[in-house]
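The block underneath contains the structure these notes are about, expressed in structure tokens.
The values are calculated or read from the model by the stated rules, or taken from the named source; none is laboratory data. The structure displayed is predicted, hence computed values, not measured ones. With ideal geometry, Cβ positions are generated from the backbone for all residues, glycine too; neighbour counts draw on all protein chains shown.
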């Protein structure tokens, strides 16, 4: 089990990985990134993540290295790390330059790939579920920061998770939009089950278009599970029959407690378990 970093065109140990203090990713969060997990020893949905990485970069005017170059860096670093299952972070920053907010001040894209052990939720967490807390920190307004951009400007999410952990020791924080409706987790998308129907906030609420979220939507549609993208109130989340969250390194993970109150009977429900099983089948088959 090891960590390896691809930086400056070479693979190194984490303690050898260095970046300039003048790098705009460090100074301003002027960067984009993707996190990819492996499943059954293979990168899952790599191409979907690279498409989103390129889209995020385009929306902030950041030049992207050729996709083949990124793919090779990822493959080489995963191989060098040699973990049974890995978590991969691809970071593109605008590069180092003078202290100037103007993005035109520098055009020296830096690529960093970090590979470390996957460290997925434990089997007990999938079996018993986790807790979430609805926090006071709001999701950034779409009018301020484009929710489709997965950027290194992550303070909103950092503060949200910190509040959830301090307040109740919750595993994940749930942020709401400006209108008070549920938006997403600090590092996840959220789903509820109500009257047997899977519901999740639509993109118009101002959330990231999660790759795993998209896969779950496709699985529900393909397998006859009633589904609706809609606004969800805090009360609906707290009163849901079932709740689960999704992310690249978790897949679908059941939630059995919201704000210290049990969800349903306090155990992962049948719809959640069906979604988890379908996702596992997809992961076993692999998505390039």
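In the stretch 154-178, which residues are in contact with a strand residue (DSSP E or B) (Cβ under 8 Å, 6 or more places away or on another chain) and in a loop (DSSP other than H, G, I, E, B)?
Listed by number, the residues that qualify are 169, 170, 171, 177, 178.
Looking at (1) touching a strand residue (DSSP E or B) at 6+ places or on another chain (Cβ under 8 Å); (2) outside the structural domain of residue 213 (by TED's automatic domain parsing); (3) part of a loop (DSSP other than H, G, I, E, B), which is the one condition that is false for residue 107?
(1)
In the stretch 200-209, how many are buried (at least 23 other Cβ atoms within 10 Å of the Cβ) and without any contact (Cβ under 8 Å) to a residue 40 or more places away in the chain? Give the derivation first.
Filtering the stretch 200-209 for residues buried (at least 23 other Cβ atoms within 10 Å of the Cβ) gives 200-201, 206-207.
Next cut, without any contact (Cβ under 8 Å) to a residue 40 or more places away in the chain only: 200-201.
Of the residues in the stretch 200-209, 2 are buried (at least 23 other Cβ atoms within 10 Å of the Cβ) and without any contact (Cβ under 8 Å) to a residue 40 or more places away in the chain.
Quick one: which residue in 181, 141, 136, 186 is in contact with a strand residue (DSSP E or B) (Cβ under 8 Å, 6 or more places away or on another chain) and not assigned by TED's automatic domain parsing to the domain that holds residue 53?
The unique qualifying residue is 186.
Look through 280, 260 and report the one residue that is within 19 Å of the chain's Cα centre (by Cα) and in contact (Cβ under 8 Å) with a residue 24 or more places away in the chain.
Working: 260 fails: within 19 Å of the chain's Cα centre (by Cα).
Going through 280, 260 in turn, the sole match is 280.
Part of a helix (DSSP H, G or I), buried (at least 18 other Cβ atoms within 10 Å of the Cβ) and not assigned by TED's automatic domain parsing to the domain that holds residue 35: does that describe residue 219? Quick ask: steps written out before the conclusion?
Details: part of a helix (DSSP H, G or I): yes; buried (at least 18 other Cβ atoms within 10 Å of the Cβ): yes; not assigned by TED's automatic domain parsing to the domain that holds residue 35: yes.
Considered against the rule, which asks whether it is part of a helix (DSSP H, G or I), buried (at least 18 other Cβ atoms within 10 Å of the Cβ) and not assigned by TED's automatic domain parsing to the domain that holds residue 35, residue 219 comes out as yes.
If we only count strands (runs of 3 or more DSSP E) wholly inside the stretch 1-92, which ones have 2 or more residues that are in contact with a helix residue (DSSP H, G or I) (Cβ under 6 Å, 6 or more places away or on another chain)?
Details: elements: 4-7, 10-12, 31-39.
It comes to 4-7, 31-39.
Just checking, does the stretch 80-87 include any residue being buried (at least 16 other Cβ atoms within 10 Å of the Cβ), closer than 21 Å to residue 189 by Cβ, modelled with pLDDT of 95 or more and within 18 Å of the chain's Cα centre (by Cα)?
Among the residues of the stretch 80-87, at least one is buried (at least 16 other Cβ atoms within 10 Å of the Cβ), closer than 21 Å to residue 189 by Cβ, modelled with pLDDT of 95 or more and within 18 Å of the chain's Cα centre (by Cα), which makes the answer yes.
Determine, yes or no, whether residue 2 is closer than 24 Å to residue 119 by Cβ, within 20 Å of the chain's Cα centre (by Cα) and at pLDDT 95 or above. Quick ask: steps written out before the conclusion?
Details: closer than 24 Å to residue 119 by Cβ: yes; within 20 Å of the chain's Cα centre (by Cα): no; at pLDDT 95 or above: yes.
Answer is no for this residue.
Out of curiosity, is residue 66 loosely packed, with under 13 Cβ neighbours inside 10 Å and out of contact with any strand residue (DSSP E or B) (no Cβ under 9 Å at 6 or more places or on another chain)?
Numbers: loosely packed, with under 13 Cβ neighbours inside 10 Å: yes; out of contact with any strand residue (DSSP E or B) (no Cβ under 9 Å at 6 or more places or on another chain): yes.
Taking the combined requirement at face value, the residue satisfies it.
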